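Data block below; observations after.
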Amino acid sequence: MTPPGRGRGHSADDVARAALRILDDDGLADLTMRRLATRLDVQPSALYWHFPNKQSLLAELSGRIVAQAASLLRGSGVAAEARALRDALLAYRDGAEVVSSTLALGLGSTAARDRLTAAVAAEGFAQDVAARAATTLLHFVLGHVWHEQQRLQYDSVGVVTPGATHPPEADFLFGVDLIHRGLHAAASRPA
């Protein structure tokens with residue numbers, strides 16, 4: 001006997017791709033297992049053959065979003081890695097919220113933190129310092145992009161908010177540079 005939902009030929013990849021489309025079209029708040037099942041023309045219970053719960057589905061989406069950073073990388077180094085991660089998060093509506101929430105639960109890929117850690121370590125920092133700096137950078141990137149995405153959503157529905165004095169990318173790069181220079185300044189201080 002074929003398990004429910006399997007007869008339609010949907011794979012875990014099909015489910016994740018459909019979920020990403022819903023996320024991008026409607027946002028995280030509207031990404032429900034019921035809506036996803038409707039999109040795939042299956043019963044909601046059929047989705048649990050591939051993902052035991054919504055958190056594991058979101059962890060998969062988070063991994064897919066973060067994985068795109070590698071293909072968006074322009075250059076090398078800390079700023080390039082941070083910029084590529086920002087671009088990957090911005091590629092999906094609520095991308096920063098999805099990645100942030102899965103990281104907070106200890107789910108999903110560690111690729112973003114690993115790539116940032118490697119970029120910092122490549123500048124000669126010890127692995128423990130590189131890991132701590134990468135976590136700081138990751139929190140900054142996620143927070144900044146989350147704010148950008150909220151602003152974009154408010155702007156799309158006509159909510160009037162005070163304008164920013166600088167373009168979001170300029171503020172983002174300033175923040176990354178500030179953290180990066182601060183790391184080097186701290187390393188150069190006498191013990």
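A few comments on the model shown:
- Test for Ser100: is it among the small types (Gly, Ala, Ser), in contact (Cβ under 8 Å) with a residue 40 or more places away in the chain and in contact with a Gly (Cβ under 6 Å, 6 or more places away or on another chain): no
- The set of residues from region 38-47 being in contact (Cβ under 8 Å) with a residue 24 or more places away in the chain and closer than 14 Å to Asp14 by Cα comprises Leu40, Asp41, Val42, Ala46, Leu47.
- Some residue of region 121-137 being open to solvent by 60 Å² or more (accessible area, probe 1.4 Å), of a type outside the set (A, V, I, L, M, F, W, C), at pLDDT 95 or above and under 15 Å from Ala82 (Cβ atoms): yes
- Within region 138-151, tally of residues that are open to solvent by 60 Å² or more (accessible area, probe 1.4 Å) and either touching a Cys at 6+ places or on another chain (Cβ under 8 Å) or free of Cβ contacts under 8 Å to residues at least 40 places away in the same chain (or both): 3
- Residue in region 182-191 that is crowded, with 16+ Cβ neighbours inside 10 Å, farther than 19 Å from Gly27 by Cα and basic (Lys, Arg) present: no
The values are calculated or read from the model by the stated rules, or taken from the named source; none is laboratory data. Worth saying up front: this structure is predicted, and the values here are computed from it rather than measured. Here Cβ is always computed from backbone atoms with ideal geometry, including for glycine, and neighbour counts include all displayed protein chains. Please note that ligands, DNA and RNA were not included when accessible areas were found on the heavy atoms of the full protein model with its side chains. Shrake-Rupley method; radii C 1.70, N 1.55, O 1.52, S 1.80 Å.
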